[in-house]
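The values are calculated or read from the model by the stated rules, or taken from the named source; none is laboratory data. What you see is a predicted model; the values in this text were computed from it and never measured. A quick note on method: Cβ atoms are made from the backbone with ideal geometry, for glycine too, and the neighbour counts reach across all protein chains shown.
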Amino acid sequence: MADANTNMRLKLPITCFILEIILIILFGVLVEYDEETDAKKWHHSNHSQYDNDFYYRYPSFQDVHVMIFIGFGFLMTFLQRYGFSSVGFNFLIAAFALQWATLMQGFFHGMHGGKIHVGVESMINADFCTGSVLISFGAVLGKTSPVQLLVMAVFEVTLFAVNEFILLSILGTKDAGGSMTIHTFGAYFGLMVTRVLYRPNLDKSKHKNSSVYHSDLFAMIGTLYLWMFWPSFNSAITAHGDDQHRTALNTYYSLAACTLSTYAMSALTAHDGKLDMVHIQNAALAGGVAAGTAGEMMLTPFGSMIVGFLAGIISVLGYKYLSPILESKLKIQDTCGIHNLHGMPGVMGAIVGAVTASLATIEIYGNGMEEVFPDVADNKRTASYQGAIQAISLAVTLGFALVGGLLVGFIMKLPIFGAPSDASCFEDSIYWEVSSKKLLDTSKLCICPQCQRLSYGS
Amino acid sequence: MADANTNMRLKLPITCFILEIILIILFGVLVEYDEETDAKKWHHSNHSQYDNDFYYRYPSFQDVHVMIFIGFGFLMTFLQRYGFSSVGFNFLIAAFALQWATLMQGFFHGMHGGKIHVGVESMINADFCTGSVLISFGAVLGKTSPVQLLVMAVFEVTLFAVNEFILLSILGTKDAGGSMTIHTFGAYFGLMVTRVLYRPNLDKSKHKNSSVYHSDLFAMIGTLYLWMFWPSFNSAITAHGDDQHRTALNTYYSLAACTLSTYAMSALTAHDGKLDMVHIQNAALAGGVAAGTAGEMMLTPFGSMIVGFLAGIISVLGYKYLSPILESKLKIQDTCGIHNLHGMPGVMGAIVGAVTASLATIEIYGNGMEEVFPDVADNKRTASYQGAIQAISLAVTLGFALVGGLLVGFIMKLPIFGAPSDASCFEDSIYWEVSSKKLLDTSKLCICPQCQRLSYGS
Amino acid sequence: MADANTNMRLKLPITCFILEIILIILFGVLVEYDEETDAKKWHHSNHSQYDNDFYYRYPSFQDVHVMIFIGFGFLMTFLQRYGFSSVGFNFLIAAFALQWATLMQGFFHGMHGGKIHVGVESMINADFCTGSVLISFGAVLGKTSPVQLLVMAVFEVTLFAVNEFILLSILGTKDAGGSMTIHTFGAYFGLMVTRVLYRPNLDKSKHKNSSVYHSDLFAMIGTLYLWMFWPSFNSAITAHGDDQHRTALNTYYSLAACTLSTYAMSALTAHDGKLDMVHIQNAALAGGVAAGTAGEMMLTPFGSMIVGFLAGIISVLGYKYLSPILESKLKIQDTCGIHNLHGMPGVMGAIVGAVTASLATIEIYGNGMEEVFPDVADNKRTASYQGAIQAISLAVTLGFALVGGLLVGFIMKLPIFGAPSDASCFEDSIYWEVSSKKLLDTSKLCICPQCQRLSYGS
């Protein structure tokens, strides 16, 4: 398994050290505490300690943090021989991306006297941006080196920040839970990257591109944490008060309804009626994605449940029928099926958001309009115009994601980053110390049907 | 393993779709945001955004949510070949039950102009009700189809809401952590169901009704999350301020003491002094159950520790000596031993609550009496009367649980729901896609004592 | 495997029962609710329910609680045959230690009219003290009986409380995240204990002192929870407002930078450039330890990242080069390498804290000085003096830890506590019921290179 190309002894340390040193220098020059984290500034004003935003955002931040590191990390451990890489590379690129995102988002979202201000809101936003990188990681899972992934993160975070800036700051789009900025962007960016990195001979690693019993249980840890904390994700940066509360509630109902339609569709689409772990692990989460934009609006529990219900159906159908077509016709090898979990439900969420926004009236929102649609409340635009802006934002996001993914895919394709060979994809031992005795592939154990003797082989 | 009866291709989708569509319609007709989640209503009044109850209940809700999906789900993964079903069916029925519970509890706990109001409190209450269904699931684990479980959930949630209404609204019972409403109800309901579903030939699946090494570690994830977050569970819906704070503290001490007595009893009751994972996984939690009613009262840390200490002892003794008797004499096949974790400790918690209530005085509670025992504070009843009401509530709960479980058991016994055969209990591959190579049962690997050759078989 | 000495049938129950009964009696005599948990006292004053400290500390407490039980517990499951003991003994000694710590800390930190007051702050402090016992557990992991561990906890908690009292109350040291009180103390105490318990023939168990594939994934659950929640740990008991907020932020950046340097160093120090799970699981956490003292100070994100970056490098170098030397030269058998995760980073954190404190000025801290360095704000001491006190505190802590560990090690060495023999270390089946079919050691399965037949053996 030793291979000069995939040997990370110099490539990975050089990349990590250069990136981290650049980060440290830029943080030294550009970053300072915001008013809520700075001892002097906070105590300059006259307020109660309990007014600090820490108490109103930090619990949500921690839920999001768990989704990023445990949720995404373990969701991808379903592969039989790729658990170390799934959790470990997820950990590495997330730790890098959240630092880089703090700078990029800080730069685009407004400097304060030449300085980027940091606090719990920047922490949440950085985790959000990191989430979109991890979504893209799902498409190329098993086929990329950690250096490639860090390169991807460098560019994807940058483009994410630009797209987010255009949507939220220039267009005045609402997208609290990131159906567009996070899910649609991350998914189509990743799909384009994996298209560019297409491997015609990936069949050579096919036997490892599947799960074993315990790996599916590990993956369920990821699934459930994503599912449980999605209400916190969608509500983490909405306005305080009813907005956060309502967003969490809507997301909770969307996910619950989605779970039932996922189980129904999984059994319905199997000829023997057996449930497929791939669907349960992924499609049951589509309801959270699809409620990402409209979750903070007056979607109502009723509306949320319809959205979730449909998202689950679409997602399972995608896994069952669309993914094989994407692979065979469009040469998109999407390891985790991110198109079904983040792509289509993200687009759906954007559309639901546009429709819901266009239906907003002062009768429904009352004085709360100011917080959900400030431009509509201030009569700067009509609700229909806001809806149109939401729809345009989806198109902008798709454009950024596809073009960005195309370019970054070609960069990642440079033969200097230590990508694995076609025969050694989905295999931890390329990049990880795995003691030889662990190399016994228990999935190759089988029993002779005649003599009942155990043998080993494919 | 393919079997026309257990084939879920139509049964499960039809059930899920019908249930979810009914839910969506009823939510459309009956449910609306409460004052804290509605943009218009919240902004109509003049209050700080930070007064929204979201900030004072949602962290507790998320802890409870983790207990329901990770806690209960993984606690049941101890079975060697039933991990997908344990986590997966837990996920399905919980996602259904929390929606249905929102309606049932909303209906019984008071409509607002013909509408059910939802917010973080309804979310917590729905999760609580779901918890009782998952407790019952523990008794029939491995022996029921997902359709049977959904049928059980439909009826159990309804009866739970009725019983809860009688206790909390009519009788004025205090039961914040649900020793009665959740644990006693769920346990005796489930025990009656499993009694009705008695399988005389369950021996055929006996070799699968046990754990393997890694499955016990997965189960410990469930145990520890339940243990850690139980203080949040018991305090999630008590009055704000000292009440929530005290309840969490009492539960924390009860659990800590319970853990020591559990380890002690586990070693003491084994002839070779070895600890039994079944006890550690379950009995160490009995202290949380037993502090469910009295946790919000002035039980004192001292009292809480005594309660937890005794609960651990009772629970281990139950696993060791009572469960085999229940199975052989009363034909109650209780897979997870819910009688020992939820049944007896629940009854104990109810009794502790009755005694603690009857001892309440204004010297101890001061003005806090208003929140813990409002009827006593208002001189509507004496403390002893409150204690008597608590005891009566236990009897009412037991009655509802036993009669309800009996009736629902007979409904679940109808041969149309796809229950597994006696020989295929405790087996994921009946209802789940498990690739053939995963079917090697590593627990059947053994080594010939003479020739040291590996062989496979029972 | 049955052995009269390691048989826990009487030893463990007697120890647990005696300890718990003593605890209950002492709690009955000494402990009462504090003002925030007592119904009468809380309602005596006139304040909003929302002012209760429960709402500003409890979410942090729960994060810390998860670190103690899931974080430490699962981090140690990396051993192939010691998962039950890692999680299970961690659970037992933590449940004991948090009760005992409540008394010891309450006694030293100030009684109120002869009573110890308890509430969420005492819960956090007790969990902190428990953390140091679990750190020491890491050094002796696999080589001690549960009774030995309980004995260790009794004494270590006591010494911890004394050392903490000297630092925080007498010297006026700042150490919110416990670089000194928790990490340095726990590490050097544990190292001294394992030195005293040195086993020259530990080689007999060598083949079990390593991981297998799935055990490393379980350990990553522990790692990630520690990593994610470390910002909550360091900020859990700082002053409210900007202090908590800033501490969490600093720790978050320190950990992120540490992760990149850990991956870099892990690849760099391996001759084939492959990442080592031991480094990822442990060294990536060193940034949290190293930010334990200075985290609440105006360390700046820039400073935090430098600290974390260096901590990761030092920690990996320790695992790679120092640990083997400690074992061969100093006879310190440190199972989990706590010297590299808690020892050196703890000392580093103390030094960083001393330097940062000595640089504190009113220009930087403004009125916030009062909360971070009250003695400096009140002109009782200069910043340099505070820095000197911090440095002295490190020396005091090291002294307490080393002498304490030496004495307690000798107590634990008494041959009455049921320690395992040299040949049965790192083995669950000494103390746990592990069904015989689970005893097949899958790590011993191998395939004949010639005939491809499976065989079993070392």
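Looking at C:Gln99, C:Gln49, just one residue is modelled with pLDDT under 95 and either within 24 Å of C:Phe185 (Cα to Cα) or not β-branched (Val, Ile, Thr) (or both), and that residue is C:Gln49. For the stretch C:143-165, the set of residues classified as farther than 22 Å from C:Ile14 by Cβ, crowded, with 24+ Cβ neighbours inside 10 Å and either of a type in the set (Phe, Trp, Tyr) or touching a Leu at 6+ places or on another chain (Cβ under 9 Å) (or both) consists of C:Phe160 only.
Scanning the stretch A:289-318 for residues that are surrounded by 24 or more Cβ atoms within 10 Å (Cβ to Cβ), in a helix (DSSP H, G or I) and within 14 Å of chain B (Cβ to nearest Cβ) returns A:Ala294, A:Gly295, A:Glu296, A:Pro301, A:Ser304, A:Met305, A:Val307, A:Gly308, A:Phe309, A:Ala311, A:Gly312, A:Val316.
Would you point out the residue of the stretch C:74-105, among those that are in a helix (DSSP H, G or I) and of a type in the set (Phe, Trp, Tyr), that is farthest from B:Asp276 (Cα to Cα)? Here the answer is C:Trp100. Each residue in the stretch B:247-264 was checked for being more than 7 Å from chain C (Cβ to nearest Cβ) and of a type in the set (A, V, I, L, M, F, W, C), and 2 of them qualify.
Applying the criterion of being within 12 Å of another protein chain (Cβ to nearest Cβ), assigned to a helix (DSSP H, G or I) and touching a residue at least 24 places away in the same chain (Cβ under 8 Å) to the residues of the stretch A:265-282, the residue that is nearest to the chain's Cα centre (by Cα) is A:Gln281.
The residues in the stretch B:129-148 that are part of a helix (DSSP H, G or I), more than 19 Å from B:His65 (Cβ to Cβ) and under 17 Å from the mean Cα position of the chain (by Cα) can be counted, and the count is 3. Answer with yes or no whether B:Met192 is among the hydrophobic types (A, V, I, L, M, F, W, C), at pLDDT 95 or above and either closer than 20 Å to B:Ala311 by Cα or crowded, with 24+ Cβ neighbours inside 10 Å (or both). It is false that B:Met192 is among the hydrophobic types (A, V, I, L, M, F, W, C), at pLDDT 95 or above and either closer than 20 Å to B:Ala311 by Cα or crowded, with 24+ Cβ neighbours inside 10 Å (or both). Evaluating A:Asp272 against the criteria (1) out of contact with any helix residue (DSSP H, G or I) (no Cβ under 9 Å at 6 or more places or on another chain); (2) modelled with pLDDT of 95 or more leaves one unmet condition, (2). Note on the stretch B:80-94: residues that are more than 13 Å from the chain's Cα centre (by Cα), more than 7 Å from chain A (Cβ to nearest Cβ) and in contact (Cβ under 8 Å) with a residue 60 or more places away in the chain total 5.
Within the stretch B:14-43, being acidic (Asp, Glu) and either more than 7 Å from chain A (Cβ to nearest Cβ) or more than 19 Å from B:Gly113 (Cβ to Cβ) (or both) holds for B:Glu20, B:Glu32, B:Asp34, B:Glu35. Being in a helix (DSSP H, G or I), closer than 23 Å to B:Cys129 by Cβ and within 9 Å of chain C (Cβ to nearest Cβ) is the filter here, so list the residues in the stretch B:221-246 that pass it. Residues satisfying the conditions are B:Thr223, B:Tyr225, B:Trp227, B:Met228, B:Phe229, B:Pro231, B:Ser232, B:Ser235, B:Asp243, B:Gln244.
Here is a yes/no grid of residues against (1) in contact (Cβ under 8 Å) with a residue 60 or more places away in the chain; (2) among the hydroxyl-bearing types (Ser, Thr, Tyr):
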{"position": "B:Tyr319", "(1), (2)": "no, yes"}
{"position": "B:Ser323", "(1), (2)": "no, yes"}
{"position": "B:Glu327", "(1), (2)": "no, no"}
{"position": "B:Ile332", "(1), (2)": "yes, no"}
{"position": "B:Cys336", "(1), (2)": "yes, no"}
{"position": "B:Ala357", "(1), (2)": "yes, no"}
{"position": "B:Ala360", "(1), (2)": "yes, no"}
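Pull out all pairs, ordered by first then second residue, where Cβ-Cβ is under 8 Å, the residues are six or more apart or on different chains, the first lies in the stretch B:375-393 and is more than 18 Å from B:Val352 (Cβ to Cβ), and the second is among the polar types (S, T, N, Q) and surrounded by 15 or more Cβ atoms within 10 Å (Cβ to Cβ). Short answer, once both residue conditions are applied: B:Asp375/B:Gln386. Within the bounds of the stretch C:167-175, is there any residue that is at negative phi, outside any strand (DSSP E or B) and without any contact (Cβ under 8 Å) to a residue 12 or more places away in the chain? So far as the stretch C:167-175 goes, yes, one or more of its residues are at negative phi, outside any strand (DSSP E or B) and without any contact (Cβ under 8 Å) to a residue 12 or more places away in the chain. Scanning the stretch A:44-60 for residues that are more than 7 Å from chain C (Cβ to nearest Cβ) and among the hydroxyl-bearing types (Ser, Thr, Tyr) yields a count of 4. Provide a single number: the residues in the stretch A:1-56 that are aliphatic (A, V, I, L, M), part of a loop (DSSP other than H, G, I, E, B) and touching a helix residue (DSSP H, G or I) at 6+ places or on another chain (Cβ under 7 Å). Of the residues in the stretch A:1-56, 2 are aliphatic (A, V, I, L, M), part of a loop (DSSP other than H, G, I, E, B) and touching a helix residue (DSSP H, G or I) at 6+ places or on another chain (Cβ under 7 Å). Consider B:Ile70 carefully, then state whether it is closer than 30 Å to B:Ala401 by Cβ, at the interface with chain A (Cβ under 8 Å from one of its Cβ atoms), out of contact with any Ser or Thr (no Cβ under 9 Å at 6 or more places or on another chain) and in a helix (DSSP H, G or I). Yes, satisfied.
Going through (1) in a helix (DSSP H, G or I); (2) surrounded by fewer than 24 Cβ atoms within 10 Å (Cβ to Cβ) one by one, B:Gly110 falls short only on (1). In this structure, does C:Ala126 turn out to be within 19 Å of the chain's Cα centre (by Cα) and without any contact (Cβ under 8 Å) to a residue 24 or more places away in the chain? No: the conditions fail for C:Ala126. Pick out the one residue from A:Thr102, A:Thr77, A:Thr6 that is among the β-branched types (Val, Ile, Thr), under 22 Å from C:Gly303 (Cβ atoms) and facing chain C (nearest Cβ under 9 Å). Exactly one of A:Thr102, A:Thr77, A:Thr6 is among the β-branched types (Val, Ile, Thr), under 22 Å from C:Gly303 (Cβ atoms) and facing chain C (nearest Cβ under 9 Å), namely A:Thr102. When the stretch A:195-209 is filtered for residues that are surrounded by 18 or more Cβ atoms within 10 Å (Cβ to Cβ) and not in a helix (DSSP H, G or I), the ones remaining, listed by number, are A:Leu197, A:Asn209. Here is a check on your reading of the model: is B:Ala291 under 24 Å from C:Glu36 (Cα atoms) and either within 23 Å of the chain's Cα centre (by Cα) or at pLDDT 95 or above (or both)? So B:Ala291 fits the description; yes.
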